[in-house]
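The values are calculated or read from the model by the stated rules, or taken from the named source; none is laboratory data. A quick note: this is a predicted structure, and the numbers were derived from the prediction, not measured. Glycine also receives a Cβ, built like all others from the backbone with ideal geometry; neighbour counts cover every protein chain displayed.
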């Protein structure tokens with residue numbers, strides 16, 4: 001009987017050791033699986049971050065490559081700080097066409113996205129035509145809301161001879177479409 005009790009105790013201890021080993025195995029297995037999942041998530045996040053940085057670097061290279069074209073494109077847009085430059089440009093176009101420009105009003109529309117300019121110019125028909133052509137082909141995107149062309153008669157006192165010269169006056173209502181406030 002003593003031998004049987006010793007044998008049963010040894011079997012019980014062996015079974016207890018096997019059960020503890022199985023429980024320990026599953027605990028360690030689950031712990032390793034959890035750590036592996038966390039590692040996989042971290043590797044995925046690291047790869048995503050690496051891809052994002054590579055995309056940013058590629059984008060920066062592309063931005064630097066198109067910098068000259070970008071600067072040229074930006075010249076077609078007037079900012080709120082460039083309004084005076086735009087108005088000076090209009091007056092310079094008038095001088096170039098030999099039809100002096102007088103600006104009457106400069107307004108912003110309701111949502112501050114369009115700049116509206118009302119101006120007039122006086123000169124010969126060819127000068128007014130040239131001014132209109134220069135305005136249409138300026139670097140800014142202009143919309144002509146209204147153009148009123150009238151003929152006036154002026155006098156010239158060159159060499160004390162008074163002669164009538166046909167003059168034209170054009171009133172323009174322009175909208176600067178490429179305006180950023």
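Output the number of the condition that residue 80 fails; it satisfies all remaining conditions of (1) within 19 Å of residue 177 (Cβ to Cβ); (2) modelled with pLDDT of 90 or more; (3) under 24 Å from the mean Cα position of the chain (by Cα).
(2)
Just to check your reading of the model, which residue among 108, 134 is surrounded by 12 or more Cβ atoms within 10 Å (Cβ to Cβ) and more than 26 Å from residue 168 (Cα to Cα)?
After applying the criteria, what remains is 108.
Among the residues that make up segment 152-166, is at least one of them modelled with pLDDT of 80 or more, surrounded by 13 or more Cβ atoms within 10 Å (Cβ to Cβ) and over 16 Å from residue 89 (Cα atoms)?
No, segment 152-166 contains no residue that is modelled with pLDDT of 80 or more, surrounded by 13 or more Cβ atoms within 10 Å (Cβ to Cβ) and over 16 Å from residue 89 (Cα atoms).
Report the residue count in segment 111-131 for those that are touching a helix residue (DSSP H, G or I) at 6+ places or on another chain (Cβ under 6 Å) and exposed (fewer than 11 other Cβ atoms within 10 Å of the Cβ).
0
Criterion first (surrounded by 11 or more Cβ atoms within 10 Å (Cβ to Cβ), under 21 Å from the mean Cα position of the chain (by Cα) and under 30 Å from residue 176 (Cα atoms)) does residue 86 satisfy it?
yes
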